[in-house]
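As structure tokens, the structure follows; a few thoughts come after it.
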Amino acid sequence: MTLNLDLPTPLEFPAFPFKPPYEIQVELMRHLYTSIEQKKVTVVESPTGTGKTLSLLCSSLTWLRDEKDRAKKGKLQAVAGDGTDAKDWVVEQTRERMRRELEADERDYEARLARARKREEQMKRIAKARVTKKQRKEVEAHEQLEDNDDEFLPESDIQGEDEEMYISPALRALMSKYVR
């Protein structure tokens, strides 16, 4: 016995938020669903405002939900095997136990996912939180600058007669023209 787990293309898409969808939207969702199921690449062209994005999202979400159910169904059928050697009640008990385990795994997964979402939300809140910084004392920094000005001044404000300022010869020639 081979397991046939092909997903038939649905006639309705419950994820579609507006009832009823236009016929072009249903056709597009069915086409996309079939393409995803058959692992094909598809190119879609439709006029503006026909709901391409919404149709793509709804068909993809419907396929993901159906794929999840298919995986569960496949595991349960694999447990049952062909059923020729086992008694019916044994197969049924095994299938029921497997179903409970799958449901428990799914609940654990959902709980982990909820905790991860909560952690992510807390991290976002912390990142957006207002950071309060201490005010710098501008006055102290200004005072330090005033105190350090003396380091850059010449040692003596008054030049003696013996001390001449160094003036380049070019500047002396220019000054001699205008001073006379």
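The values are calculated or read from the model by the stated rules, or taken from the named source; none is laboratory data. These figures come from a predicted structure and were not determined experimentally. As a convention, Cβ positions derive from the backbone with ideal geometry for all residues, glycine included, and neighbour counts pool all protein chains shown.
Being at pLDDT 80 or above and farther than 24 Å from LEU11 by Cβ is true of GLN93.
A single entry from ASP108, ASP147 fulfils the requirement of being surrounded by 10 or more Cβ atoms within 10 Å (Cβ to Cβ), assigned to a helix (DSSP H, G or I) and either modelled with pLDDT under 75 or not assigned by TED's automatic domain parsing to the domain that holds ARG65 (or both): ASP108.
Determine the pairs where a residue that is modelled with pLDDT of 85 or more, located within the range 9-33, has a partner that is part of a loop (DSSP other than H, G, I, E, B) with Cβ atoms under 6 Å apart, the partner being 6 or more residues away or on another chain. Filtered contacts from the range 9-33: ILE24/THR50; GLN25/GLY51; MET29/PHE13; ARG30/THR9; TYR33/THR9. Evaluation of LYS39 against the conditions (1) within 29 Å of GLU106 (Cβ to Cβ); (2) at pLDDT 90 or above; (3) not in a loop (DSSP other than H, G, I, E, B) shows that the sole unmet condition is (3). Is it true that some residue in the range 78-88 is modelled with pLDDT of 70 or more and either within 30 Å of GLU23 (Cα to Cα) or out of contact with any His (no Cβ under 9 Å at 6 or more places or on another chain) (or both)? Looking through the range 78-88, at least one residue is modelled with pLDDT of 70 or more and either within 30 Å of GLU23 (Cα to Cα) or out of contact with any His (no Cβ under 9 Å at 6 or more places or on another chain) (or both). Taken residue by residue, the range 60-71 has at least one member that is at pLDDT below 85, at negative phi and surrounded by 14 or more Cβ atoms within 10 Å (Cβ to Cβ). Residues in the range 12-27 include at least one that is in a loop (DSSP other than H, G, I, E, B) and of a type in the set (Asp, Glu). Could we say that THR53 is touching a Phe, Trp or Tyr at 6+ places or on another chain (Cβ under 9 Å) and assigned to a helix (DSSP H, G or I) here? For THR53, the condition - touching a Phe, Trp or Tyr at 6+ places or on another chain (Cβ under 9 Å) and assigned to a helix (DSSP H, G or I) - is not met.
Which condition does VAL131 not pass, out of (1) surrounded by 10 or more Cβ atoms within 10 Å (Cβ to Cβ); (2) modelled with pLDDT of 65 or more, if it passes all the others? If we test VAL131 against (1) surrounded by 10 or more Cβ atoms within 10 Å (Cβ to Cβ); (2) modelled with pLDDT of 65 or more, just (1) comes out false.
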